[in-house]
Each structure stands twice: as C-alpha cells, then as structure tokens.
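All remarks here apply to the structure that follows.
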Amino acid sequence: MTESFRRSGEYENPYQHASSPVNPEWPPPPAHQPSAHTALLAEPVAQPPRSRRRPRGPVALLAAVAIVAAAIGGGTAYGIQELTGNDTAATSSSTSANVVPSSQKGTVSGVAKAVSPSIVEINAQSNAGSSTGSGVIITGDGEIITNNHVVSGASTVKVTTSDGKEYTADVVGTDSSKDLALIKLQNASGLTAATLGNSDGVQVGDEVVAIGSPEGLTGTVTSGIVSALNRDVTVSTDEGQQQGGGGNGQWPFEFGGQQFNGDTGSSTTTYKALQTDASLNPGNSGGALIDMNGNIIGINSAMYSAAGSGSSDAGSVGLGFAIPINTVKADLAKLRSGSQN
C-alpha cells in the first residue's frame, strides 16, 4: 500500500524527473495523444475502449485483498491465540478445524500424533487416598481441564506431560455439578494446547479417539464411535470421593436408574453426556474424546465395568461417557474465576 500512495503522488507531475527540480510553472501537457504514463489522468468517459484496462490494477488488487482476507479468516482462532498470549484457550467454533496434518487426516494415528502432546496424567493425593486421572491442556502456560472427581479434596496434585516432565499443579476452580475442574501448572510455558471443537455438531456414528492414562499407562490411545447423545449420567458430588473410591477402582455413577462401579452416595448431580464405545478404563477420567480432525469434543468422565468383577479382569465393555466440550466451554469462565463448588 505504501508503494501505491507513492505512485499516486507521481501523477501530479508526469514530466518530473529525478534529476530536475519541480517547476511550479511547468506548462500543461500537450494536446496530442497522451503517453501511457499520463493516460491514467484522463476522464474515464473520454478514453477509448482499450482504456478499460486502467481499473484492472485496482480491481486485481481488491481481488487479491479479498483472497488474503479469506486466507487470514481461516487462521483467525490461531492468530488470536498467538496475539493474546498463552492465557487464551485454543478454541474452535466448529468441528471442521483441521488439527491433523492433511496427509494423516481421518486416521487414528494422525489424531494420536497431533493431540497426544496436549494430554496429561494427573496424580492427586488426599486424606482419602490417591487418585490417578487424565487432563487436557487448554493453554500454553498450563491450564488443564479435568474431572472434579479426579482432584476433589486433593492436598497435592502432580501432573506428568507426554514428554515425561512433572509439574506441581494448583486447583483453580471446581464445579461438582458438571464434574469439571480447572487446574494450573506451576512455572509452565510453551505447552501444546488442544483445540476445543463443537460438540453440538457431533452425530451418532462419528468416529472418535480417546486418549488418557488408564491404570497409569500414560498416553494410551483407543478408538470407537459416538454411540448416543444426551445421555443422563448421574455422579457423586461428595468431596473426597475421588476416582478409586468406587468398585474396581472406577468412578461410581448412575445411568438408566441403576448404579455402576459402587455407591454414588446421597449427594449427586446429573449432566448430559456423549456415549462412546471407545475403550475407557480407570485413569481415563478427565482425558479427551477427540474427533477425526483432532478437535476435543468431550472430557471422558465415566465408564462401566461388569458388576462383581475383580481388579484383575475389570475393564471397558464399550459403555463410556464424556462431558460435551460445549459444556466445558460454557463453564470455563466460572472455573477461571476460582469458583469452588
């Protein structure tokens, strides 16, 4: 644009040369056919048909600007995150954001490679014992979303990232009514933040990937489909009843009028969940449910295991539940404010 403004100034005196000074008395242009350089000053109506080429420069420039604007629009979410700093969650308004490289789009391996750096293992210690769960990094400086039941009542929270680094974390805010919690790593920077998708766009049958730390096996990847939407899942809100307090080391919950994995207690809350057959096991709580573009669409929260099974044969039977990511995004400001309930 700077170059365009400079040229427009040149048209005020088409006969000016760099080697000669500007003469305010300079005579007007001759009456004969103007040169190509001065033709730009003529009235449009007086130009022959070939003069229609004159506006092509600006029109082409406008078209180029439009194309650039469209390209910039595609990267707006990323640009905003970079400009506003690491305290802004990487979010997406739809599930169409392509986090996975195009050469691996739609593959489980591609999703795992792209998203695994954003998933952590959480170890919480409390008077009730220890709890192992998972979490999702949402900012580069260490904000992590997990389940409330993973850190509820914890006196100490340790987090291990995918590259093996260990951090101490503080519990920033909790919301037991939605089984969500926000924790923040101490002295962390440059972490890979996950991209939060749009769970309203999820459909039954969509392929998904789950990443977490079942039984302390950090970075475990499983896959499946979305089995159902808007399932009413009831979980305990009792502080101190962390993961590990239910039967077989799993978090107790109610579904369809029945209790699974132990007694949920007298204080409970019900939320709408995504149902998935992706394998979930103890330790997956708080981890990510991901679409095939690499967007987080849910936070894994409850999984069923057969009643009466021992720890040696407890495991996934294809009945897992995740908190929709839109519920998380709607609750994020409250969690950041330090609300503890």
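The values are calculated or read from the model by the stated rules, or taken from the named source; none is laboratory data. Since the model is a prediction, treat every value here as computed from it, not as a measurement. So basically every Cβ, Gly included, is an ideal-geometry build from the backbone, and we count neighbours across all protein chains shown. Ligands, DNA and RNA are excluded from the accessible area calculation, which covers all protein heavy atoms including side chains. Shrake-Rupley method; radii C 1.70, N 1.55, O 1.52, S 1.80 Å.
Among residues of the range 326-339 that are exposed (fewer than 14 other Cβ atoms within 10 Å of the Cβ), those with a Cβ under 6 angstrom from a residue that is of a type outside the set (Ser, Thr, Tyr), sequence gap 6+ or separate chain, pair up as GLY338/GLY173.
Per the conditions (1) modelled with pLDDT under 95; (2) more than 23 Å from GLY153 (Cα to Cα); (3) among the aliphatic types (A, V, I, L, M), the sole criterion not satisfied by VAL235 is (2). Would you confirm, using the coordinates I've provided, whether SER223 is assigned to a loop (DSSP other than H, G, I, E, B), touching a strand residue (DSSP E or B) at 6+ places or on another chain (Cβ under 8 Å) and modelled with pLDDT of 90 or more? Taking the combined requirement at face value, the residue does not satisfy it.
The set of residues in the range 138-150 being open to solvent by 20 Å² or more (accessible area, probe 1.4 Å) and part of a strand (DSSP E or B) consists of GLU143 alone. Taken together, GLY197, GLY135, GLY153, GLY201 contain a single residue that is among the small types (Gly, Ala, Ser), touching a residue at least 24 places away in the same chain (Cβ under 8 Å), closer than 16 Å to ILE323 by Cα and open to solvent by 10 Å² or more (accessible area, probe 1.4 Å), which is GLY201. Tally up the residues in the range 196-219 that are at pLDDT 95 or above and touching a helix residue (DSSP H, G or I) at 6+ places or on another chain (Cβ under 8 Å), please. Selection size over the range 196-219: 7. The listed residues are VAL115, VAL204, VAL209, and the only one of them that is assigned to a strand (DSSP E or B) and either of a type outside the set (Ser, Thr, Tyr) or under 23 Å from LEU319 (Cα atoms) (or both) turns out to be VAL209. How many of the residues in the range 156-175 are closer than 21 Å to ILE290 by Cβ and either buried (at least 21 other Cβ atoms within 10 Å of the Cβ) or free of Cβ contacts under 8 Å to residues at least 24 places away in the same chain (or both)? Count: 2. The residue of the range 113-131 that is least open to solvent (accessible area, probe 1.4 Å), among those that are touching a Gly at 6+ places or on another chain (Cβ under 8 Å), of a type in the set (Ser, Thr, Tyr) and over 17 Å from THR174 (Cα atoms), is SER116. When you check LYS178 against the structure, is it outside any loop (DSSP other than H, G, I, E, B) and open to solvent by 30 Å² or more (accessible area, probe 1.4 Å), yes or no? No.
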